[in-house]
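One structure is given here, and the rest of the page talks about it.
No value in this document is a laboratory result; all are computed from the given coordinates. Here the structure is a predicted model, which means the values were calculated and not measured. For neighbour counting, all protein chains shown are included, and Cβ atoms are generated from backbone atoms with ideal geometry for every residue, glycine included.
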Amino acid sequence: MTTQPSGGPTPEQSLALYERMLLIRRTEEKLSADAAAGVLPGAVHLYIGQEAVATGVCMQLKDSDWITSTHRGHGHFLAKGGDVNAMMAEIWGKKTGICKGMGGSMHVADLSKGILGANGIVGGGLAISVGAAFGSKLSNDGRVTVCFFGDGAANQGVFMECLNVSSLWELPVVFVCEHNHFCEFTRAEQVTSGEIINRARAFGIHAVKVDGNDVEAVWRATAEAVALARSGKGPCFIEAETYRIKGHMEFEKELLAGGKYRELDEIEQWRARDPITRHGERLVKAGIATAAQLEEIGARVARQVEEAVAFSHRSEPADESLVFDLMFAGQKP
Amino acid sequence: MTTQPSGGPTPEQSLALYERMLLIRRTEEKLSADAAAGVLPGAVHLYIGQEAVATGVCMQLKDSDWITSTHRGHGHFLAKGGDVNAMMAEIWGKKTGICKGMGGSMHVADLSKGILGANGIVGGGLAISVGAAFGSKLSNDGRVTVCFFGDGAANQGVFMECLNVSSLWELPVVFVCEHNHFCEFTRAEQVTSGEIINRARAFGIHAVKVDGNDVEAVWRATAEAVALARSGKGPCFIEAETYRIKGHMEFEKELLAGGKYRELDEIEQWRARDPITRHGERLVKAGIATAAQLEEIGARVARQVEEAVAFSHRSEPADESLVFDLMFAGQKP
Amino acid sequence: MARKRYTQAINEALFEEMERDPKVIVFGEDVELAIFGDTRGLLDRFGRNRIRNTPICEATLTGMAVGAAAAGYRVVLHMMFSNFLYTGFDAIANQMAKLRLMTGGQLELPITILSGYGGGRSNAAQHSDTPHPLLMNLGGVNVAVPATPADAKGLLKTAIRGRNPTFFMEASGRGGDSGEVPDGDYTVPFGKAAIAREGSDVTLIAIGTMLKPALGAAKQLEANGISAEVIDPRTLVPFDEDTILRSVRKTGRVVVVDEARDRCSAASHIAAILADKAFGSLKAPVKRVTVPDVAMPYAPNAEAKVFPSEANIVSAASAVAKAA
Amino acid sequence: MARKRYTQAINEALFEEMERDPKVIVFGEDVELAIFGDTRGLLDRFGRNRIRNTPICEATLTGMAVGAAAAGYRVVLHMMFSNFLYTGFDAIANQMAKLRLMTGGQLELPITILSGYGGGRSNAAQHSDTPHPLLMNLGGVNVAVPATPADAKGLLKTAIRGRNPTFFMEASGRGGDSGEVPDGDYTVPFGKAAIAREGSDVTLIAIGTMLKPALGAAKQLEANGISAEVIDPRTLVPFDEDTILRSVRKTGRVVVVDEARDRCSAASHIAAILADKAFGSLKAPVKRVTVPDVAMPYAPNAEAKVFPSEANIVSAASAVAKAA
Ligand SMILES: Cc1ncc(C[n+]2csc(CCOP(=O)(O)OP(=O)(O)O)c2C)c(N)n1
Ligand SMILES: Cc1ncc(C[n+]2csc(CCOP(=O)(O)OP(=O)(O)O)c2C)c(N)n1
Ligand SMILES: [Mg+2]
Ligand SMILES: [Mg+2]
């Protein structure tokens, strides 16, 4: 990967980062609207506001590198190159969905892109990522595995078990903790003692904090972490500070029946640090793109999302018989 | 508790520490012989060589303070004031056993002495101790809970979850990690990355290391930790370095069929640091006891152990019907 | 009597039991704001010493429940979705279910664990399990499966006042269902099945969420001239064999309806009990209507396909009613 | 053919499969020195890249198995005692058993998990569980319960070469038992029960460790003029219904023997299958000889009291044989 002398992205890379973030945003805005309209099956947990993390990280990765993701996984899926049509169709429960409609929003996976899957279990991806990285270490295949997880998941014991094993065995894994300040309706500080980054350090793991709303900062931190991991020196840890702009899930208001856990003010303050707007302004300022060019990108992304929706609508419902065919490989349940 | 100006034990306390350690040692030597003779049911995991830890810690506690223990729990049980007859009878599977013969060696418990129980699950005591300490915090009953666990258990994620919760809620719990260098037949360094003590520090917990073969050092470190915990300032962590003189369990040789995981040399080196001999020498040197007085203590302890064995032998076998009576309180299974 | 929602009945039971006994405490992830609504309002009334949000660490939560109970509290632990019981399964299976016997009866563990179970809402496999069979097999824990708001309230009170660990399975998918709830303080005993509807031709044994489709099926069957008795066990541990045996001695024909996966389900176990103890009365094969042995799929049509329905129950009951 | 011990048969299977396929890896706590003897010698031959001691962290080990399998390895994970499966249960129940369906079949998980199960040696409750019923209920994992050294070797090879997660339940208490093991490479297919002994009056279905007392009971029954057929299912998932139905159609009388606790046991499920699909052939109640719903007590006399014995089997079989 060509990098700028500063380690920053090239202009083309910068534009690509912008477009990818925007694709995530627009896709989820559509999902939000459809959820509000009550036409989507299941629940969606949106990534809006956090796009710089997935994008900055995943655009440092190859298709063959693995990622594991969370219940809030659309951003990771798209950032790693997952197909928006196939993801959208999955969320609509269609046969053409990336998981044939069997998994839904919380389980989008695409092995051909190294996406081992979103996960409905908080912390569920951690050990899976360590296992995949163990495989890479044994085969010496040069792959890196990135494990995305939240500040809430950082309180699961399995996180620290994984720090221990991966440090011990010098596994090529990068732990990316997205500190978005919330675990559902609980503020992270109510449930977190000490600094999460110190947990990684206690195991002798190289660890950095980064502004998770600055896609280039994430991009640079990841470059270093991935290089270290790929070189065989063991795991790295990145804590990206960001903010969950939307509720824990769509429909949260109805669920909470007036219950409140944060001030609107706070959301507004973070909106002012919106990662996409910020990166767009940077591009314009640096002369990498004009406002018009950004609008063009916006239009392209909008068409892509429209097409994904249309694709989903015209797709057939999931094939029910697959439930019995896919449970086991070559065996009926 | 009266302490010396130095914070060390008074002469009476020093003698009590000696006698308690010796009781543990002699009891287990008898168990070892009986296991070798093939007359004991089940398996025993002996604490020989580690007596200073349990003794130094527990003699700082009141009967009303809680402890949780491990599969290697005889020492903790006796140190906390558990009755040697009732423990021995338990291991013999008798009706007079402290658990009526239902639990055996790995599960000795005596609630009247605050002994919440030995535990066959590595790390199993950790969350139980945090729960008990949570209870104390809520009732403000001034109790402290001590959780004993091994270097191996320190790799269980639940350990770090417990560090988080107890630090967050400032619970009166003292975590005592007995670093005896082995997890079964695996050397601790093969499975431990970084220093265990740093894991506690990552959660902002006051943490110290102590020579686990020096009963007075353990005693002093515990005094400080217990005082802190009791004062409401939250948990403490003590890492006591010691050494497992015996195998992981009796019969280990037969199980391993010639497989080897440590050199005899190493055992001999640690025997030279035997906590009981060492403390005895200190007592004599300090003029607290003569060699003859120590022998008298030895004789008293020997009689106690003999009586415990005799008690076990003359006790009736476990009452089989209790299996059905004791599963539930006031309900049949 | 007043019509109330299922979660509201649970909420009332929690309020009343916390008022009644200061040793009752509630903890779990997000219990303060109550994603299901069942713990709503408790924080304002009782404060953080009695109800408290925890970090996400199920392995510790279940173990803490044991420790706090040992220390004299009546613990109510909310585990949100039943799938998260697996995350905290060690202390459930190795400690909670065994410690009382292992300590020779020294430990008493008044613990109530709430969790929502079941599918039917496109929550996909990791949020749709119905794990009561696993809990039943553990041997040392009670399992309550209230189907109605009235039973939810009464069984929860019994659980909280009880002396043993109880898993209280919340019919989350149908948490909105309403029903008549008696006024004032009352409890529903463990180990007493309810005859939800009397009948003489076939016995439908319906567990938890399955009561509603079973009652629906009974109506349809009636229209076809088949009189179905519908029994709701209410608790699976302890289990009321008598009521079921009595019914089967009368009808000789049985369908057991369970939202658990089929293999080693509660339905299997009930069928096994009947094949043993009611053998002489059986006039037809004992049928099970259960979820097949698959993970719950996400797509609504696929989920509906594997979910027990009124139609499945009607056809199973019709088949046994007709069997010679 | 040669007489070999059960653990030796497992050890041979591991050696041969690791030789055969470089993608087979083994990990777990203390696998290098092999507390049960089953993984002995593998380290010397294959080195730490293929077999490796892990820290004590079961929650991670089961999850790692999923990840390493997803990355193309054939994983053999040794979990030592079955009770420790609970400690690693999250990734078993929420990931391993569900991921294949959830990913629309993208993930293939060739994982074999070994663990010793069962009581009978005063190991007390936390080292004596027989949790195959829980695994059977999960829906997405195979469960093998080899009773003999020959089957242990053949089934383990099938598991390792297979494409799905398999729990391989080691009869640890009786690991020393010997039996004839065929020479050379062979596999035993999943889902094919073995008729361990033919008979005509009563069918004894014996799971795993229970084969031995069942065969002993059959001998005693013969002396009493009762001809018992003994069937060993060998795998519980997949399950060979045909062989069992065929036998029961012949004998009409059945005892199912299972070392699991009774409630929702494999015995319950088999009884349920028979009460449904063999109803017309049954001439007597279907009896279960199982462990009662208690934690395993430590004292040898108390343990013997709850443990299924030849005598229990004989008396159950005699009762059904006599039933009109
Ligand atoms: C094992 C488990 N426990 C609890 C939950 C319920 N739950 C879903 S998301 C969530 C909060 C997660 O917080 P965090 O890890 O910070 O991720 P974020 O939602 O902020 O992206 C919880 C408690 C779950 N899905 N899995
Ligand atoms: C959950 C669990 N995993 C594995 C075991 C098997 N086991 C028993 S003791 C032990 C080693 C424990 O090491 P450590 O915690 O250092 O205690 P020590 O034996 O040194 O006292 C292991 C792996 C167990 N009992 N429980
Ligand atoms: Mg968060
Ligand atoms: Mg150790």
* Structure fact -> Residues meeting the amide H criterion for B:Cys236 (H placed from the backbone, H to H distance under 5 Å, 5 or more places apart or on another chain) are B:Val173, B:Val174, B:Phe175
* Using the count of nearby Cβ atoms within 10 Å as a rough guide to exposure, how do B:Phe182, A:Phe237 rank from fewest to most? -> B:Phe182, A:Phe237
* To do: Mind checking the full-extension length gain between B:Glu316 and B:Ser64? Use 0.36 nm per residue of separation minus the Cα-Cα distance, one decimal, nm.
  => 87.7 nm
* To do: Find the centroid of the Cα atoms in the range C:20-71 and in the range D:79-121, then give the distance between the two in whole Å.
  => 30 Å
* To do: Give a residue-ordered list of calculated ³J(HN,Hα) values for the range B:10-16 (Karplus: 6.51 cos²θ - 1.76 cosθ + 1.60, θ = phi - 60°; whole Hz; x for Gly, Pro).
  => 6, x, 5, 4, 4, 5, 5
* Structure fact -> Under the helix-only model (-39500 (n - 2.57) for each DSSP H run of 4 or more, divided by the residues of chain C), the mean residue ellipticity at 222 nm, to 500 deg cm²/dmol, is -10500 deg cm²/dmol
* To do: Please determine, in degrees from 0 to 90 and to the nearest 10, the orientation of helix D:310-322 with respect to the longest principal axis defined by the Cα atoms of chain D, where the helix direction is its Cα long axis.
  => 40 degrees
* Asked: Amide H neighbours of B:Lys209 under 5 Å, counting only residues 5+ apart in sequence or on other chains, H built in-plane at 1.01 Å?
  -> B:Glu239
* Averaging sequence separations of C-alpha pairs under 8 Å and six or more residues apart, then dividing by the length of chain D, give the relative contact order as a whole percent. => 17 percent
* Where both partners of a DSSP beta bridge lie in chain A, what percent of those bridges are antiparallel, to the nearest 5? -> 20 percent
* Reachable lysines, given that their alpha-carbon falls under 27 Å from the alpha-carbon of D:Lys157 and they are not under 8 places away in the same chain -> A:Lys137, A:Lys332, D:Lys4, D:Lys23, D:Lys98, D:Lys192, D:Lys212
* Evaluate the distance, in nm, between pseudo-label points positioned 7 Å from the Cα of C:Asn224 and of B:Lys253 along their respective Cα→Cβ axes. => 7.3 nm
* Asked: So how far, in whole Å, is the C-alpha centre of the range B:167-206 from the one of the range D:159-221?
  -> 44 Å
* Asked: Counting partner chain Cβ atoms within 10 Å of every residue's Cβ in D:115-128, what's the average?
  -> 5
* Enter the angle in degrees (range 0 to 90, nearest 10) between the Cα long axis of helix C:58-70 and the first principal axis of the Cα atoms of chain C, meaning the one along which they spread out most. => 70 degrees
* Evaluate E = 1/(1 + (r/R0)^6) for C:Phe15 and A:Arg273, where r is the Cβ-Cβ distance and R0 equals 51 Å; express this FRET efficiency to the nearest 0.05. => 0.75
* Positive minus negative residues near A:Val215 (Lys, Arg vs Asp, Glu; Cβ under 13 Å) -> -1
* **Estimated distance in nm for a label pair at D:Asp183 and A:Asp265, the labels positioned 7 Å out from Cα along Cα-to-Cβ** => 8.6 nm
* Asked: From the backbone phi of the range B:63-76, what are the Karplus-calculated ³J(HN,Hα) couplings (6.51 cos²θ - 1.76 cosθ + 1.60, θ = phi - 60°) in whole Hz, Gly and Pro given as x?
  -> 4, 7, 6, 8, 10, 10, 10, 10, 4, 9, x, 4, x, 5
* Over the protein assembly as shown, what is the percentage of antiparallel beta bridges among all DSSP beta bridges, to the nearest 5? -> 20 percent
* Quick one: which residues, 5 or more positions from A:Arg187 or on another chain, have an amide H under 5 Å from its amide H? H modelled 1.01 Å from N in the peptide plane, none for Pro or chain starts. => none
* Structure fact -> Note on the range B:157-252, DSSP bridge orientation, antiparallel percent to nearest 5 equals 15 percent
* With axes computed from alpha carbons, what is the tilt in degrees of helix C:241-251 against the longest principal axis of chain C, rounded to the nearest 10 within 0 to 90? -> 20 degrees
* At 222 nm, what helix-only mean residue ellipticity would chain B give, in deg cm²/dmol to the nearest 500, using -39500 (n - 2.57) for each DSSP H run of four or more? -> -14000 deg cm²/dmol
* **Estimated FRET transfer efficiency (B:Glu281, B:Glu306; beta-carbon r; R0 30 Å; 0.05)** => 0.70
* For the range B:220-333, what Kirkwood radius comes out of the mean inverse Cα-Cα distance, in Å? -> 20.1 Å
* To do: May I ask you to evaluate 6.51 cos²θ - 1.76 cosθ + 1.60, the Karplus curve with θ = phi - 60°, for each residue of the range A:84-100 and list the ³J(HN,Hα) values in order in whole Hz, giving x for glycine and proline?
  => 5, 4, 5, 6, 4, 5, 4, 5, 7, x, 9, 4, 7, x, 4, 10, 6
* Asked: Alpha carbon centre of the range B:58-102 versus the range A:82-111: separation in Å?
  -> 56 Å
* Eligible lysines near C:Lys219 by straight Cα distance, threshold 21 Å, same-chain separation 8 or greater -> C:Lys250, C:Lys287, C:Lys322
* Structure fact -> Placing each pseudo-label 7 Å from Cα in the direction of the beta carbon, A:Glu195 and B:Ala292 end up separated by a distance in nanometres of 6.3 nm
